[in-house]
């Protein structure tokens, strides 16, 4: 796979968004049309979809309630695991049927799958009815391409990974919490990971552009921002600054809540920990991927830290940041993982007692070094290991949640609970979900809640008026 030259990528300057305003005559083409947007994958994809939605609505399209009434169907895809690709291919079956029976339907494949040459080749061969394939770096071209495609029927592939685009608009999913990209891409090249190939090398946004966006969000009434990147604590190394300095600058805007995802243990500095501990509006929640507790497997993964170094970092966070909650990612069944290796992972979970974990069976990604590594462990063994891991993770998650029973906590209330329409829901500073007995009038506010029940994955509580 082709990667842009790192030195050339470092020379790029921030570039204004190519697409900001649309002529009224272009809008007329779309005034009676609707779109359906389907998002797969990580927080970065969710934020990308907020940009896609902005472009579609600027064209004049309205959001469809279901795929059947849509004229434009956009699939914003993920390439991290094989099951994500399988879901996309399955959904494309519906798209093919609609395309066959309606001339006014255009299909767009966006996101990380569109950055993989082998996937693009497969799409061209097996799904020729797709009208546009657009990568993660060129979303701003979508309005132009859609306008063209309503009179043309050829697949065009647009992808370029050496720029940072400013001036993008977003139709955000929430009125109270917002994603703020601080950088794009990743230079770590973990052997199992496709991200450096789909999102390019690390490129940081200018600090002043980020602060400007945060201040605008604060003025609009947003209570919380989450600084977003594939590896946020590598921010700034290409433009002469650091993530700890950015984090402090964002905290000084005095927006009520600041979060960030995702961090790499190898780049997590003492300065970062000190900044988090210093500011009350930086939430005491850190997602710190472990991936494996075996030093042998960590080396094969190219993670650049040892089990011992990870635990030392974990303990330092617990020591310096009051009431910090730490979650993690763990991969089970990486090529050549033995039972002894897996027991090392369980040992780290027992030592750290994580507040939660995203756990996965290793998914082979073509084009990554791990894809060619011998793997003779039966899938049934991997499934059994995952079950044992999840039981342990859930035990500690429940144990940590039980500590909040009968405690008063601050919760940012985000909406009506899906499970009980008579309740509202929100998140604590430590990112724990709380279903609340309280009026809908508190939605969008940070309120006091007394915890009345604690489970592994959520809490229940009463609003304190």
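The values are calculated or read from the model by the stated rules, or taken from the named source; none is laboratory data. Note that the structure is predicted; figures quoted are calculated from it, not measured. No Cβ is skipped: glycine too gets one built from the backbone with ideal geometry, and neighbour counts run over all protein chains shown.
Being under 30 Å from residue 189 (Cα atoms) and surrounded by 14 or more Cβ atoms within 10 Å (Cβ to Cβ): is that true of residue 371 here? Can you show your working first?
Working: under 30 Å from residue 189 (Cα atoms): yes; surrounded by 14 or more Cβ atoms within 10 Å (Cβ to Cβ): yes.
Yes; evaluated as a whole, the condition is true for this residue.
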Tell me the residue from 301, 317 that is closer than 28 Å to residue 252 by Cα and either crowded, with 16+ Cβ neighbours inside 10 Å or in the same structural domain as residue 41 (by TED's automatic domain parsing) (or both), please. 317
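Limited to the range 93-121, what total is found for residues that are over 21 Å from residue 200 (Cβ atoms) and either in a helix (DSSP H, G or I) or touching a strand residue (DSSP E or B) at 6+ places or on another chain (Cβ under 7 Å) (or both)?
12
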Please count how many residues of the range 216-234 are touching a helix residue (DSSP H, G or I) at 6+ places or on another chain (Cβ under 6 Å) and at pLDDT 95 or above. 1
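Residue by residue, here is whether (1) more than 26 Å from residue 457 (Cα to Cα); (2) over 25 Å from the mean Cα position of the chain (by Cα) holds:
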{"residue": "269", "(1), (2)": "yes, no"}
{"residue": "295", "(1), (2)": "yes, yes"}
{"residue": "308", "(1), (2)": "yes, yes"}
{"residue": "312", "(1), (2)": "yes, yes"}
{"residue": "315", "(1), (2)": "no, yes"}
{"residue": "323", "(1), (2)": "no, no"}
{"residue": "328", "(1), (2)": "no, no"}
{"residue": "343", "(1), (2)": "no, yes"}
Out of the residues in the range 390-442 meeting the condition of being touching a residue at least 60 places away in the same chain (Cβ under 8 Å) and assigned to a loop (DSSP other than H, G, I, E, B), tell me which one is farthest from residue 343 (Cα to Cα). 429
Report whether or not residue 347 is closer than 30 Å to residue 404 by Cα and buried (at least 21 other Cβ atoms within 10 Å of the Cβ). no
Whether any residue in the range 382-405 is more than 23 Å from the chain's Cα centre (by Cα), within 17 Å of residue 446 (Cβ to Cβ) and either modelled with pLDDT under 95 or surrounded by 14 or more Cβ atoms within 10 Å (Cβ to Cβ) (or both) is what I want to check. yes
Within 21 Å of the chain's Cα centre (by Cα) and over 30 Å from residue 281 (Cβ atoms): is that true of residue 362 in this structure? yes
Can you name the residue in the range 267-288 that is touching a strand residue (DSSP E or B) at 6+ places or on another chain (Cβ under 8 Å) and assigned to a helix (DSSP H, G or I) and is also surrounded by the fewest Cβ atoms within 10 Å (Cβ to Cβ) among such residues? 275
Failed item in (1) within 21 Å of residue 365 (Cα to Cα); (2) modelled with pLDDT of 75 or more; (3) in contact with a strand residue (DSSP E or B) (Cβ under 7 Å, 6 or more places away or on another chain), with residue 125 passing the rest: (3)
Output for the range 235-266, where each listed residue is closer than 18 Å to residue 328 by Cα and crowded, with 17+ Cβ neighbours inside 10 Å: 259, 260, 261, 262, 263, 264, 265
Inside the range 85-119, can you point out the residues that are closer than 21 Å to residue 185 by Cβ and surrounded by fewer than 18 Cβ atoms within 10 Å (Cβ to Cβ)? 117, 118
Output for the range 221-242, where each listed residue is over 18 Å from the mean Cα position of the chain (by Cα) and either free of Cβ contacts under 8 Å to residues at least 24 places away in the same chain or in a helix (DSSP H, G or I) (or both): 240
Do we have any residue at all in the range 128-140 that's modelled with pLDDT of 80 or more and either in the same structural domain as residue 226 (by TED's automatic domain parsing) or in a helix (DSSP H, G or I) (or both)? no
Select from the range 187-205 the residues that are assigned to a helix (DSSP H, G or I) and touching a helix residue (DSSP H, G or I) at 6+ places or on another chain (Cβ under 9 Å) and write down the one among them that is nearest to residue 113 (Cα to Cα). 198
Scan the range 358-380 and give yes if some residue there is more than 28 Å from residue 85 (Cβ to Cβ) and at pLDDT 95 or above, otherwise no. no
Residues to consider are 213, 208; find the one that is touching a residue at least 24 places away in the same chain (Cβ under 8 Å) and in a helix (DSSP H, G or I). 213
